[in-house]
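Notes to accompany the following structure.
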Amino acid sequence: MTLDYTNIQKQSAIPKASSMVETFRAIGYSLETAVADIIDNSISAGAKNIRINRYWRGGKSVISIEDDGCGMNNEELIQALCPGVQNPLEQRNKNDLGRFGLGLKTASFSQCRKLSVISRKANYAPVFWSWDLDYIAQSDKWEVIKWIPEEFKNSLDNKKSGTIVVWSELDRIVSPDTSETNQNAQEKFSHSLDRVKRHLEMTFHRFIENKIISIFWGEHPIEPWNPFCPDEKATQIKATDYIGFGSGATMKGFVLPHKNQFSSEIEYRRAEGTNGWSAQQGFYVYRGNRLLLAGDWLGLFRKEEQYKLVRIQIDIPNSLDFDWQIDIKKSKAYPPAKCLEQLRSYASEVRAEGCKVYRHRGAILKQRAGICFQPLWLEKKKDNKWSFVVNREHAMVLSIKQLAKDKPEFAIETLLKFIEEAIPTEAIYIDKAQNDAEQKQPYSDMDVDVVKNMLIIMYDNQKAMGLSDIQAKASLKSIEPFNNYEYIIDEL
Ligand SMILES: Nc1ncnc2c1ncn2[C@@H]1O[C@H](COP(=O)(O)OP(=O)(O)O)[C@@H](O)[C@H]1O
Ligand SMILES: [Mg+2]
């Protein structure tokens, strides 16, 4: 319902600049998501080369992000610096990575107190303006100032077009009074920047792989990090499926190779990513080729060790931003409720495959060697209950039987040692977690005669050691597994 506003009293309620910018600072960017958001703008501006420079100067450290995109003239730059001039509801070019018209400002303010931009559009002179949070605090006005750190003033003089975003007074990364010689702080700074680099390798890997852009870390080009290891021969690639009908969103599952199947240990380590194998499993959501979310089951499953080789690519066009609730920081997405079942069912299939690869390294080894693989432990299934038994046909078990004839003690010790070492904990863990069948209760189908014979021997031994009947029985009841067989002990 639209009201008739003509006769209603009005009063202007302009946001207070000094408090509003503090709100902008609190949107929750990390340094890596903030830098990525600035690079999105460079890509949307058609840049081919993007360079990130870091200048360690203690509390006066600076980060700059430079591109050779289309650049802006004076009016365009002022527009660009104005928060929210572009309506988020507007339809965007499909290559446009922006949405809310806020990223440049919010990402920058989340990290620094001074955001300076110098830009040059072809056939125009370079122009620069800065947002300075100290000036806003003082003046309480939405005013940019004609200032930029001196060293950047002439930096676009010899370029046809491009933009440099400069962050100085990085108070969220280095506290303002830090001296340049503070090694601890310097290490922290460089560690934070390492994370940024790895984040960029991942977030923009498609752009780098497809030679749409090069990102330089200082002088060095950043290598792309592809979560799906498509060049590894043993990577399983599943069929692409549409998510929903006619939405343009797709998904594609990947099962990465088992460690033994990777081309090299180095590749295996690299594929692990920043947070480790287990943390990197899950969906990878791309919007316009840019990775938004890396390794997240979107609330559908928990992360579990046996699915660590499973990564599923989801591609959504920017026209679905609202359906997928893309947030300002472009680091979150929530699939529409109507797609959840489809995602769950597709992912379940890929996860099942992934689990097989994870547990069947033995089987894979066997195939490779072309000889029959002999596990020491066998998985047994009976009446829909699982358990593990020692493989009596195992060549070593047979040899130990031989050995026992001459050196019984040594034979038993050797057998116990090998059995201890080979306990199939990984497989047991998976069986427990998958819970389609139940674990067999220990001793539930044990032959009672075996127990009884053993008890008789032990009872006689106890008596021979001078224990009374009552003492011997009490002692046996405290020994595993005989504590489960009190009724046999009482009959002895
Ligand atoms: N590196 C750049 N090169 C050219 N134009 C830019 C650059 N960065 C920002 N802009 C302009 O500033 C506008 C606002 O950017 P931003 O605040 O990140 O919002 P959004 O990306 O959602 O549009 C962009 O739409 C673009 O027109
Ligand atoms: Mg943007």
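Within segment 233-258, the set of residues being in contact (Cβ under 8 Å) with a residue 24 or more places away in the chain, among the aliphatic types (A, V, I, L, M) and in a loop (DSSP other than H, G, I, E, B) comprises Ala234, Leu256. Of all residues in segment 333-348, which are in contact with a Leu (Cβ under 9 Å, 6 or more places away or on another chain) and among the aliphatic types (A, V, I, L, M)? Correct list: Ala333, Leu340, Leu343, Ala347. Here the condition is being in contact with a Lys or Arg (Cβ under 6 Å, 6 or more places away or on another chain) and either over 30 Å from His360 (Cβ atoms) or surrounded by 13 or more Cβ atoms within 10 Å (Cβ to Cβ) (or both); of Lys385, Lys452, it holds for Lys385 alone.
Restricting attention to segment 95-139 and to residues that are at pLDDT 95 or above, assigned to a loop (DSSP other than H, G, I, E, B) and open to solvent by 20 Å² or more (accessible area, probe 1.4 Å), the residue that is farthest from ligand 1 (Cβ to nearest atom) turns out to be Arg113. Among the residues of segment 408-435, those identified as over 15 Å from Ala395 (Cα atoms) and surrounded by 15 or more Cβ atoms within 10 Å (Cβ to Cβ) are Pro424, Ala427, Ile428, Ile430, Asp431.
Scanning segment 455-481 for residues being among the charged types (D, E, K, R) and either in the same structural domain as Ala352 (by TED's automatic domain parsing) or surrounded by fewer than 10 Cβ atoms within 10 Å (Cβ to Cβ) (or both) gives a total of 1.
Looking at segment 154-176, is at least one residue surrounded by 12 or more Cβ atoms within 10 Å (Cβ to Cβ) and in a helix (DSSP H, G or I)? No: segment 154-176 contains no residue that is surrounded by 12 or more Cβ atoms within 10 Å (Cβ to Cβ) and in a helix (DSSP H, G or I).
Restricting attention to segment 436-445, the residues that are open to solvent by 80 Å² or more (accessible area, probe 1.4 Å) and either of a type in the set (A, V, I, L, M) or not in a loop (DSSP other than H, G, I, E, B) (or both) add up to 1.
The values are calculated or read from the model by the stated rules, or taken from the named source; none is laboratory data. This is a predicted model, so every value here is computed, not measured. As a convention, Cβ positions derive from the backbone with ideal geometry for all residues, glycine included, and neighbour counts pool all protein chains shown. Only protein heavy atoms, including side chains, enter the accessible area calculation; ligands, DNA and RNA are left aside. Shrake-Rupley method; radii C 1.70, N 1.55, O 1.52, S 1.80 Å.
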